Amino acid sequence: MDKKYIENQYHLAVLDFQTARSEEAQWEARKTMARLEQIAAQEYGFEYVDDLHERELGGGKGMKVGAFQIGRYHAIIKKSYADGSADYETSFSDEADLMESVYCIKLCVGKMVGLATDTPKVLDDVQVIRGKENIVRELEGKQP
């Protein structure tokens with residue numbers, strides 16, 4: 001799938017979520033968003049997914065740890081790769097937003113992600129880190 005198609009479908013899923021009349025309809029929209037995020041991560045990497053998510057849902061104000069901007073909901077996702085490197089998802093508006101991303105990322109564990117980038121990697125592990133103190137301890141001295 002090309003980026004334009006993913007962006008259009010993601011936008012429609014966000015609109016479905018925002019206008020849903022029931023929790024079941026919201027859940028269906030979230031599943032569609034997670035599926036599209038998984039495809040986008042596998043094709044273009046997690047940075048692209050972060051940008052897409054931020055454009056559609058925004059991040060609001062949050063705290064800053066070094067060069068990392070943390071969203072309103074104080075939790076982050078650490079993604080570890082088979083080559084020993086790691087990166088972080090840091091901008092969540094609430095628990096549901098966090099869990100949507102966790103669901104999407106866990107679908108990619110054991111798979112090559114970022115296939116359309118110069119540096120595809122195999123995602124090895126996903127860890128959720130909650131609470132300001134734990135986030136600061138994890139991120140201090142690291143670069144995004």
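The values are calculated or read from the model by the stated rules, or taken from the named source; none is laboratory data. As the structure is a computational prediction, the values presented were derived from the model and not from experiment. Note that we place each Cβ from the backbone using ideal geometry, even for glycine, and neighbour counts take in every protein chain shown.
Can you name the residue in region 81-94 that is buried (at least 16 other Cβ atoms within 10 Å of the Cβ) and in a strand (DSSP E or B) and is also farthest from the chain's Cα centre (by Cα) among such residues? Once the filter is applied, the top-ranked residue is Tyr81.
Against the condition more than 22 Å from Val14 (Cβ to Cβ), over 11 Å from the mean Cα position of the chain (by Cα) and small (Gly, Ala, Ser), how does Gly71 come out, does it pass? Considered against the rule, which asks whether it is more than 22 Å from Val14 (Cβ to Cβ), over 11 Å from the mean Cα position of the chain (by Cα) and small (Gly, Ala, Ser), Gly71 comes out as no. Applying the condition of being over 19 Å from Tyr48 (Cα atoms) and among the small types (Gly, Ala, Ser) to region 97-144 and asking which residue is modelled with the lowest pLDDT yields Gly141. Residues in region 66-83 that are in contact with an Asp or Glu (Cβ under 9 Å, 6 or more places away or on another chain) and either at pLDDT below 85 or within 18 Å of Asp124 (Cβ to Cβ) (or both): Gly66, Gly71, Arg72, Tyr73, Ile76, Ile77, Lys78, Lys79, Ser80, Tyr81, Ala82, Asp83. Within the bounds of region 63-82, is there any residue that is within 21 Å of Glu140 (Cβ to Cβ), among the small types (Gly, Ala, Ser) and without any contact (Cβ under 8 Å) to a residue 40 or more places away in the chain? Within region 63-82 (the criterion being within 21 Å of Glu140 (Cβ to Cβ), among the small types (Gly, Ala, Ser) and without any contact (Cβ under 8 Å) to a residue 40 or more places away in the chain), the answer is yes, since at least one residue qualifies.
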